[in-house]
Amino acid sequence: MSHPTTNTVVPSICPFCGVGCGMGIQVCDGKVVGVEPQLNHPVSQGKLCTKGWSTPYAVDPIDRITTPLIREGDSFRPASWDEACNTIVEAINAAQQEQGPDAVGVIACARATNEDCYAAQKFARAALHTNNIDHCARICHSPSVAGLRQTLGSGAMTNSISDIALADLLVIFGCDPTSNHTIIGGQIIAAKLAGAKLLVVDPRSTRLAQMADLHLQLRLGTNIALINGLLNIIFDNGWEAREFLDSRCENEAALRRKVEDYPPERVAEITGVPVDKLIAAAKMYSQAQRAMLTYGMGITQYISGTNNVIAISNLALVAGQIGRPGTGINPLRGQNNVQGACDMGALPNVFPGYQDVTDSALRQHFERAWKCALPAQKGLTSLGMTQATLDDSFRCMIIMGEDPVVTDPDQNHVQRALQALDMLVVIELVMTETAKLADVVLPAAAFSEKSGTFTNCERRVKHITAAISPPGEARSDWMILGELATRLGYNGMQWQSAEAVFDEMASLNPLYASMSYAKLIEKSGLQWPCDAAHPDGTPLLHSERFSRGKGRLIAVDHSEIDELPDEAYPLFLTTTRLHFHYGCGSMTRKSPLLERETPVGVLFIHPHDADRLNIRAQDPVRISSRRGTVETRAMLSDELPPGTVAMPYHFKEAPSNQLTNNAQDPVTKMPELKACAVRVEKIEVQEAMPG
Ligand code: SF4
C-alpha cells in the first residue's frame, strides 16, 4: 500500500461519536500530524469538537500494539501471526469439539468499519457456526432497535441532522448533546437562538435544560409514567393528530384505555413534575408545526428500555410529529459506527439488514450466498456470553476493539468471567484493561490506516480512505478474521480488498443494495435505504408509509427501577459522560489537552447531600453499592436533583461500573446502567486515597 509522503490532507470521518463529522487527516512523511474540519461536509459543515480535534493523539503510534502477543504467565511475549493464529484455532477447535459450536463467540466493535463488522458476523456464523455475535449497541441503543422496529418497522433515526434547523420545537429527552454529540448540541443551540422552542426532559439540569423554554425535571426512571401522562392530557384535550392517527396508525383504542390510568395528578406524584408543566409540555409538543424529538441513553439504559422507546414512539405517533421534515424520532447513537455495526448484523438475532436468523427462507438465502450451513437459533448477547462463561457453557471469546472490563456493568463479574475463559482473544490498538486479561492479543489497524465505510446516526454511509500505513504488523479486522476463518476450514472470507467486502455485504443487505464505493465518494455519502426505488438514498423515513405499514401504538406501563435506594444504600447513582472524554477513554485519554480538562474520576453530588455527609468540593469519597466500592473525589453540582449522585465511566482509576447493576431489560438484555442504589462516605485524610 502506498501513502502520501509529503504534506497531504486525506478526507475522513471523526472516529468518536455517532454524529460522524467530516475531517481531513493531515499527513506528513507517513505520519498523522493533525486534523482539520471538512468545510463542505453535510453534517458538520466545517466544525469539529474538542474530541475530534484530539484525533492525532488517538492514533499516535507510541503506545500501539505492533505484533501479535501471547500470554506467558503474568506478561506477554511477541509472536508471529502464524503462531498466534494457530494458538487461537487450536483453542476454538478444542472448545467446539467438547461443547459444540456455541461454546465460542465474537464481540464486534461499534468503532470498526462496516467491512470489519460484516466480517465479524460472517466469521461467527459461517466459520464458527454460531450466532454468538454482539457488540456494544447492547448497552446503548439495543432498545431503540427493538422498540422502533415493533412500532415503525425500522430502528433508526427517522430524520436527518440538518432537520434541526427546520423544526419549530426541539425536544431533548434523556440526553445532553452538548457533551456527547457536541456538533449536534451546537446546532440545537443555534436553532434555539434563531427562534425554535426548546423542551428538555431530563432529571439533570443540563446546559440545554438551563436555556430551555420548558424543563421537565422528572425523577430517575419515570419516563413511561411521564409520557403516558402527556398522552392522557393530549387525548383529554383533543390535541391528538386525528387524521394522521386514523390514516396511518393502528391500535389507538388500547393505548387510550391504558393512558386513562395516568391522570396528571398521579403522574405528577410519580415523576415529581408539576401538573401545570405537564399540561404545558403536552400542548407544546402536540400543537407544534414541526417538533423534532431526540433522545439518548436516559431512555434506553433501563430495565424498561424497550418500553421507554415504545412510549416515545406512541407520543410522536399520537401527535403526528413524524414522517415530515423537521419532525421525527431521533435516537442519538453513541459510537461513530454503532448504526453501521447494527446494520451489518453484528447482533445475535439478525443477518445484515436486520434479516431474522430464525426465518428459514432468509437463512437459506445466506447459506447459498456464503456456501455453508448456518445456525438456526438466535445467539447469546455480549452479557449472555459473560454469564455463560461463569455457567461453564462458554469457552472462547474474540473481542474486536471493545473494552467490556471498563464499559460493562458490574466490573468484578465481567473480570471473573473473562479470566475463566479457555481463550480470550483481543484485537486492539493499545493495551486496554480487557486486553490485559487476554491469552492472545492481535494488533489492529486504526481507522486512519484502512479503507472502508462508516454509517453515522442519521443513516449516512461515508467512505474513508487509508491515510497512512498501519504500524508494525497491525492489520484490518476483516483481514485478521479472514485469516482465522481460512485456518478453521472456511474459505468464504478470502477478500482481496475492503471494497470486495462492501460489495458482498451490499448484495445481501437490502438497505445498502444500490451503494458502491464509487457512488458513496461521488455523492459524499448516502443515507439508507438506498435501493432501486431510492437510488440516491433516503434522508427522511416514513414519509408516505411506515416501514412496517401502519405505525403501531403499543400500550406500556410504568415500572420501578430494579434497585431503589434503601437504608443501607440511600442514594441513586446514575452514569454520565463528560464533554472532554469518550467511551472507556482509551483514545481521548491519550490527549494531554483533554486530560488537563477533567480530574481523574469524579463523583458529582448535590450540595444538599454533600452538606449532610460533611463533604466539600474535592474531598476524597468512597462510593459503595451491593457489587463493589470505588474511591474518587467529590465535585459539587446542582445540575443533579438531591438524592442522586453521578459518575462518568471513562476512568479506569474510578470505574463506575464496579457499582452498576446488571439487572436487564427482558427484551434486549440492556442492563440498567442509569440507576442503582449506593452509599457515599467521606474518606478521612489519614486513610489512603487515589491520586
Ligand atoms: Fe467527532 Fe462527535 Fe465531536 Fe463530531 S461531535 S467532532 S463526530 S466527537
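The values are calculated or read from the model by the stated rules, or taken from the named source; none is laboratory data. Because the structure is predicted, anything quoted here is derived from the model rather than measured. Neighbour counts are summed over all protein chains in view; Cβ atoms, including those assigned to glycine, are modelled from backbone coordinates with ideal geometry. To get the accessible areas, we keep the full protein, side chains included, count just its heavy atoms, and leave off ligands, DNA and RNA. Shrake-Rupley method; radii C 1.70, N 1.55, O 1.52, S 1.80 Å.
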Review point. With +1 on each Lys and Arg Cβ and -1 on each Asp and Glu Cβ, how big is the dipole of the chain about its Cα centre, in debye rounded to the nearest 20?
Key: 1300
Point to revise | MRE, 222 nm, helices only [DSSP H, n ≥ 4, -39500 (n - 2.57), over the chain, to nearest 500] | key: -8500 deg cm²/dmol
Revision key, fill the gap. The rounded separation in angstrom of the Cα centers of the stretch 432-467 and the stretch 544-615 is 26
Point to revise | DSSP bridge orientation in the chain - percent antiparallel, rounded to nearest 5 | key: 50
Review point. If R0 is 25 Å, what FRET efficiency do you get for Arg548 and Gln364 from their C-beta distance, rounded to 0.05?
Key: 0.60
Exercise for review: For a label point 7 Å from the Cα of Ile521 along Cα→C-beta, name the residues of the stretch 462-485 whose backbone N is under 11 Å from it.
Suggested key: 463-466
Check your understanding: For the stretch 142-332, what is the per residue volume of the convex hull drawn over the alpha-carbon atoms, in cubic angstrom?
Key -> 103
Revision key, fill the gap. Using the Kirkwood radius over Cα pairs of the stretch 485-538, the Stokes-Einstein translational diffusion coefficient at 10 °C and 1.306 mPa s, in µm²/s and rounded to a whole number, is 131
Review point. Gln377 label point, 7 Å along Cα→Cβ, cut-off 14 Å on backbone N: hits in the stretch 86-120?
Key: 99-104
**Study point:** Per residue, the convex hull volume that the Cα atoms of the stretch 479-600 enclose (Å³)
**Key:** 301
Review point. Of all GluC sites (Glu not before Pro) in the stretch 548-638, which ones are in loop regions per DSSP and have a Cβ with at most 15 other Cβ atoms within 10 Å?
Key: Glu560, Glu567
Revision key, fill the gap. Spelling it out for Gln335: with amide H atoms placed in the peptide plane at 1.01 Å from N, the residues 5 or more places away or on another chain with amide H under 5 Å from its amide H are Gly18
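Quick one: divide the alpha-carbon radius of gyration of the stretch 21-180 by 2.2 N^0.38 Å and tell me what you get. Before the final figure, lay out the partial values.
Details: Rg = 21.4 Å, N = 160, 2.2 N^0.38 = 15.1 Å.
My calculation over the Cα atoms of the stretch 21-180 gives 1.41.
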Check your understanding: Can you give the translational diffusion coefficient of the chain in µm²/s, computed by Stokes-Einstein from the Kirkwood radius over Cα pairs at 37 °C and 0.692 mPa s?
Key -> 129
Review point. Magnitude of the Cβ-charge dipole of the stretch 84-135, K/R +1 and D/E -1, about the Cα centre, nearest 20 debye?
Key: 140
Practice item. Counting other Cβ atoms within 10 Å, keep those with at most 13, restrict to DSSP loop, and tell me which GluC sites (Glu not before Pro) in the stretch 199-298 are left. Key: Glu260
Exercise for review: Pull out a ≥ b ≥ c, the square roots of the eigenvalues of the alpha-carbon gyration tensor of the stretch 8-58, then state rounded if a/c is under 1.5, prolate if not and a/b is larger than b/c, and oblate in the remaining case.
Suggested key: oblate
Check your understanding: For the chain, with the dipole built from +1 on Lys and Arg beta-carbon atoms and -1 on Asp and Glu ones, taken about the Cα centre, which of Asn131, Leu170, Leu332 lies farthest toward the positive end?
Key -> Leu170
Exercise for review: Report Rg (one decimal) and Dmax (nearest whole number) for the stretch 415-557, counting Cα atoms only, units Å.
Suggested key: 19.6, 56
Practice item. Could you please state how large a percent of the accessible area of the stretch 142-332 is carbon and sulfur, counting protein chains only and using a 1.4 Å probe? Key: 49
Revision key, fill the gap. Expressed in angstrom and rounded, the centroid-to-centroid distance over alpha carbons for the stretch 151-176 and the stretch 1-71 is 28
